[in-house]
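Report on one structure; see the data block that follows.
Each value in this text was obtained by applying a stated rule to the coordinates, not by laboratory testing. Given the structure is predicted, the values throughout are model-derived calculations rather than measurements. Note that we place each Cβ from the backbone using ideal geometry, even for glycine, and neighbour counts take in every protein chain shown.
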There are 2 protein chains.
Amino acid sequence: MSNQSNDLNALRHSAAHLLAHAVSEIYPTTLLTIGPATPEGFFYDMLPEKNFKEEDLPLITARMQEIVTKNYPLEHTQIPKETARKLFAKNPFKLELIEQIPGDTVGLATQGDFYDLCRGGHIASTGLLGHFKLQSISGSYWRADRNNQPLQRISGVVFFTQQELEAYEKHQLELHLYDHRRLGKQLDLFSFHDEGVGFPFFHPKGKTVINVLTAYMRKLQEKNDYQEISTPTMLSDELWRKSGHYEFYHDKMYFSVIDEKSYAIKPMNCPGSILVYKTRPRSYRELPLKLSEYGHCHRHELSGVLHGLMRVRAFTQDDAHIYCAPEQLEHEILTIITMVFKMLSKFDLHDIRFAISTRPEKYMGSDILWENATKALTDALEKSNAQYTVKAGEGAFYGPKIEVVIQDSMGRSWQCGTIQVDFFQPQNFDLSYVTAQGTKQRPVIIHQAIFGSLERFFAIILEHYKGNLPFWLAPVQIKILTVTDAQKPYATQLYHTLKKTGVRVELDSSSDPLSGQIKTAQQDRIPWMLIIGKKEAESQTVTVRYHDGKQEPAVLLENLYKKIQESSL
Amino acid sequence: MSNQSNDLNALRHSAAHLLAHAVSEIYPTTLLTIGPATPEGFFYDMLPEKNFKEEDLPLITARMQEIVTKNYPLEHTQIPKETARKLFAKNPFKLELIEQIPGDTVGLATQGDFYDLCRGGHIASTGLLGHFKLQSISGSYWRADRNNQPLQRISGVVFFTQQELEAYEKHQLELHLYDHRRLGKQLDLFSFHDEGVGFPFFHPKGKTVINVLTAYMRKLQEKNDYQEISTPTMLSDELWRKSGHYEFYHDKMYFSVIDEKSYAIKPMNCPGSILVYKTRPRSYRELPLKLSEYGHCHRHELSGVLHGLMRVRAFTQDDAHIYCAPEQLEHEILTIITMVFKMLSKFDLHDIRFAISTRPEKYMGSDILWENATKALTDALEKSNAQYTVKAGEGAFYGPKIEVVIQDSMGRSWQCGTIQVDFFQPQNFDLSYVTAQGTKQRPVIIHQAIFGSLERFFAIILEHYKGNLPFWLAPVQIKILTVTDAQKPYATQLYHTLKKTGVRVELDSSSDPLSGQIKTAQQDRIPWMLIIGKKEAESQTVTVRYHDGKQEPAVLLENLYKKIQESSL
């Protein structure tokens, strides 16, 4: 831990004391329990005589500020447990804590009249604590045990400077404003309903984005010789038992019965893909055989952890299974990593990190197979100049893998893609191909997902772009606005011309003033507005206004078409 | 019934006698039961001492031909039942029949030595029966009752002329050769597996066709202002109870349990679409709101009726729900019919018939609503010059509908699209829109599917085209062949150029003689071969060879590109 984070911990812990100090002045009967620093800020768990409400926070905040102004020095001393028992005689929580601390003494922190049991680790005085904010009141339990006394937790954040506090608050506001669930509703992209908890309903604009994401990935895959398949949503339990998913994944699977036989609703696409591989003998000439599938999978999640499109119970994977000879591994991995870089840069995601998980204690497959595969992964990452770390021993029992982690425009990290080598299923399903020499050989499978889940990736980029999807991906790419109704005929003609070429275009048919039309288009996050006034109509041009407010006047239609083509998928 | 079909019935029935005649000569102990004409041909159910086998058919056929040559006249007389009982004393089946015939006499047919109980209806003599073919031996039961004596059935067909018989046999052979299940395997398009009975697995080439079909329909829908949505695969029983599907469709639905609540795997997309409609208030300005969905639906079928892609347990509908004001019905129906014509002609299906099903005895919705809706359907069909029939009283209780029936290149009829007006669900789910006057109004729903099921439509056109899908739809559109390896560099370059433009192209990398390469490409049903010899390589041209064998020599590349563009989707 660095000094700075030690200091920040001290600041946060001291702010918890400050909070407790203010509360015990305003509500002297409140029983204090514990108040630690957290990775985000601080909290204090308390038992008030009367429950705190959100409305109480300003009063508590004001008293905390007063104590800051008084700039009490923070003192910390060791006192005999005997003394401590007297000081905290009325607080059974503190008494319990005192008994559990080893030795004959306990630490006591003092600031002005206020004292608290404390291990130590403070800043110099309360004057340094001015840049805090109380955030929330929530329920908790003594020692975080549901069987114990329920308590109330007041949480907050604190910083060394006002600037830092303001930056934090701005960031929080952004996270709120650009929460994909909020944007999804605002922009009419998708919805959730009680009739299907955790299952997204895509509205036309949201479905357009999903379709463009799919079209983009299909194109990328086609260029790299992937071949798309589709396999059933429901497959018999027997298959899932054979694949091992039943044993390890059973709790997350949904089941149904057909003709008195149990079927699972697929949580992954692998077994289906493997059945397609096995429909006929395969030759070395077909390898690497890259079978992709936009498979719609269902996996159970507890209702409490469902979170918009980020965590759902049904999602579409941009899945692929590469069946290859062991000696083709490195080349194939390199190709996938190149696709990952290409895809992420298309979405303006440039902070990309990889992690290799290597052979765990329990594993299957020969040592030489593991060594070669791990070397193939490492060499591929090296050759692509990728930043990566090694998670030693964290691979699955059936093969090493690479995970892709990105950082978005709001500084958050997301795991997107996975590249998993698999020695197990080829053996389990007795897969083979015929070599040039006519012998039978076992292929290796690479499981690959680049977006991961289309739904989740949609959520990530929606937040990453703060709702302003780029031109090629936006559900409505262009809106045509007219200064007066006199330009409507020209506007309508342009609308139809653009629509015919496949552009996702709208025409503002209202007679609102231009400023109102612009405001609406901006609220709808439409990347390009084509503004048509008298001049434009006469000269058969448009003024292009971008979402950020920049304008390009008098754009000739042929230049507009060229611009559109250059900016399209 | 026309005279001709009466004659044909007489011919078929007489052929059954001919069969029985031959059998009783060769296997005199065989007990005959009944031998009627069928809509396809004829059969005779018998109880032989020793079961017949396929190998016995040539012998029986030969004896039948002998009897034909003898040209026995067919005589029919009425005889007393008493006489009949003596004639058939050893045959309990015939004795049972004699007792059931009303009156004191029964009919007896005689040809040469052979006689049989018979109601009558014969041709003049056995000499007319030469153009027959025995087809199969199968199991049956006396009086078609599983509790009765098992019998053996020999079936056959018969025609007036050898020409007719040959045409029939050719047609049968075609039906066999172009059976989509056979083509699907031959061309590596799809497969079925015991792990998911009735659920198709699409291989790369089959999935390509499904994707092109989808792309085609999306384009057609976009032009007509449809907006695509997607809704969950699993929705709670409550919803299906509310929609009425649970009550009426329960037997065909699969179920699962999530968080102790029962969910159905969707058999249709309507309830999901309706929930999307209801996510926010709708204005008259949005109507007609056309929400399309390529919904993956599951419906139970008995395992005995599953038939390749024609009848499956999971399929994708090109579904759409049009929410419109009642007065918009006719215009919307007209638009859909226009789309139907457009789509079918794209697939060279020109024999199209429509049927309107009108108000049944039990119905909901006001009489005026029904009248207007039925008039809207009729007027729309009239305006589009469509051939149609009226199925009076055959509509669903919730609205009238139009069915689309096509005839394929092998003369078979298929129901494809449906256009169903629905007054029930809008009321059931309390749907509304706000009118220009600010009042609330109930919309009507049109359920629409043009392909119907993508899987089934794929099967239909695969058979219709006898495996030779047109250029725009074929999974591999072009294959490049070279006369010698010297042309490989030019061929490879052309391959990459074409691939980049999105053409589905293959390069024959073998060094087989050209004739062998052509044979392979023809077997793979590839529409265009580009043949490159010395001359083509030197002049930077290609010879285009079509699947039917026609060739176009020395085609300049720029003309080839133009040709491709014109022939593409």
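A few notes on this one:
- In straight-distance terms, cross-link reach from B:Lys70 covers every one of the lysines whose alpha-carbon lies under 20 Å from its own, apart from those fewer than eight places away in the same chain; here that gives B:Lys133.
- Acute angle (nearest 10 degrees) that the helix B:367-383 long axis makes with the longest principal axis of chain B, alpha-carbon atoms: 90 degrees
- Å³ per residue enclosed by the Cα convex hull of the range B:247-340: 153 Å³
- Out-of-range pairs (alpha-carbon distance over 28 Å; input A:Lys290/B:Lys500; A:Lys500/B:Lys185; A:Lys185/A:Lys535): A:Lys500/B:Lys185; A:Lys185/A:Lys535
- Lysines whose Cα lies under 22 Å from that of A:Lys94, excluding same-chain neighbours fewer than 8 positions away: A:Lys50, A:Lys81, A:Lys86
- The range B:3-177: C-alpha pair distances exceeding 20 Å, %: 53 percent
- Relative frequency of Cα-Cα separations exceeding 23 Å in the range A:478-567, percent: 11 percent
- Label point 7 Å beyond Cα along the C-beta direction, distances from A:Glu327 to other copies (nm, shortest first): 7.7
- Of the trypsin sites (Lys or Arg not before Pro) in the range A:374-415, those whose Cβ has at most 14 other Cβ within 10 Å and which sit in DSSP loop: A:Arg412
- Stokes-Einstein D for the range B:308-353, Kirkwood Rh over Cα pairs, 37 °C, 0.692 mPa s (µm²/s): 250 µm²/s
- q = 0.07, 0.10, 0.11 Å⁻¹, chain A: log10 I(q)/I(0) [Debye, one scatterer per Cα]: -0.64, -1.04, -1.11
- Listed residue pairs exceeding 19 Å between alpha carbons, taken from A:Lys223/A:Lys346; A:Lys346/A:Lys401; A:Lys205/A:Lys466: A:Lys346/A:Lys401
- Across the identical copies, the 7 Å label point of A:Ala486, projected outward along Cα→Cβ, sits 7.2 nm from its counterparts, in ascending order.
- Cut-off 10 Å between beta-carbons: net charge of the residues surrounding B:Pro204, Lys and Arg +1, Asp and Glu -1: +1
- Inter-copy label distances at A:Val305, using a point 7 Å along Cα-to-Cβ, come to 4.3 nm with the shortest given first.
- With 30 Å as the limit, the listed pairs A:Lys440/B:Lys534; A:Lys261/B:Lys266; B:Lys207/B:Lys342; A:Lys207/B:Lys562 have A:Lys440/B:Lys534; A:Lys207/B:Lys562 beyond it between alpha carbons.
- Expressed as a fraction of 2.2 N^0.38 Å, the C-alpha radius of gyration for the range A:306-457 is 1.09.
- Peptide B:205-213 - average C-beta neighbours from other chains (10 Å radius): 3
- Computed over the range A:356-438, Kirkwood Rh from alpha-carbon pairs, angstrom: 14.4 Å
- Residue of chain B whose Cβ sits closest to the axis mapping B onto A, with distance in whole Å: B:Ser256, 2
- Helix B:557-567 axis, angle to chain B major axis (alpha carbon atoms, nearest 10°): 70 degrees
- Test item: A:222-233 mean partner chain Cβ contacts at 10 Å: 6
- Of the two radii for the range B:138-278, the radius of gyration is 1.13 times the Kirkwood radius, both from the alpha carbons; that is the Rg over Rh value.
- Loop-located trypsin sites (Lys or Arg not before Pro) in the range A:475-569 (DSSP state other than H, G, I, E, B) with a sparse environment of at most 15 neighbouring Cβ atoms within 10 Å: A:Lys550.
- Computed Kirkwood radius, in angstrom, where 1/r is averaged over Cα pairs of the protein assembly as shown: 36.2 Å
- Straight-distance candidates among the aspartates and glutamates for linking to A:Lys375, with alpha-carbon spacing under 16 Å and chain neighbours fewer than 8 residues away dropped: A:Glu327, A:Glu330, A:Glu332, A:Asp367, A:Glu394, A:Glu403, A:Asp422.
- Averaged over the residues of peptide B:498-509, the number of Cβ atoms from other protein chains lying within 10 Å of each residue's Cβ is 1.
- The orientation-averaged projected area of the convex hull spanned by the Cα atoms of the range B:123-167 comes to 4.3 nm².
- To the nearest ten degrees, helix A:454-464 and the longest principal axis of the Cα atoms of chain A are 60 degrees apart.
- Value at 222 nm in deg cm²/dmol, rounded to 500, when DSSP H runs of n ≥ 4 in the protein assembly as shown each add -39,500 (n - 2.57): -11000 deg cm²/dmol
- 18 Å cut-off, amide nitrogen to a point 7 angstrom out along B:Arg146 Cα→Cβ, residues in the range B:304-345: B:304-306
- Among B:Leu369, B:Gln328, A:Phe423 the positive-end extreme of the charge dipole of the protein assembly as shown (Cβ point charges): B:Gln328
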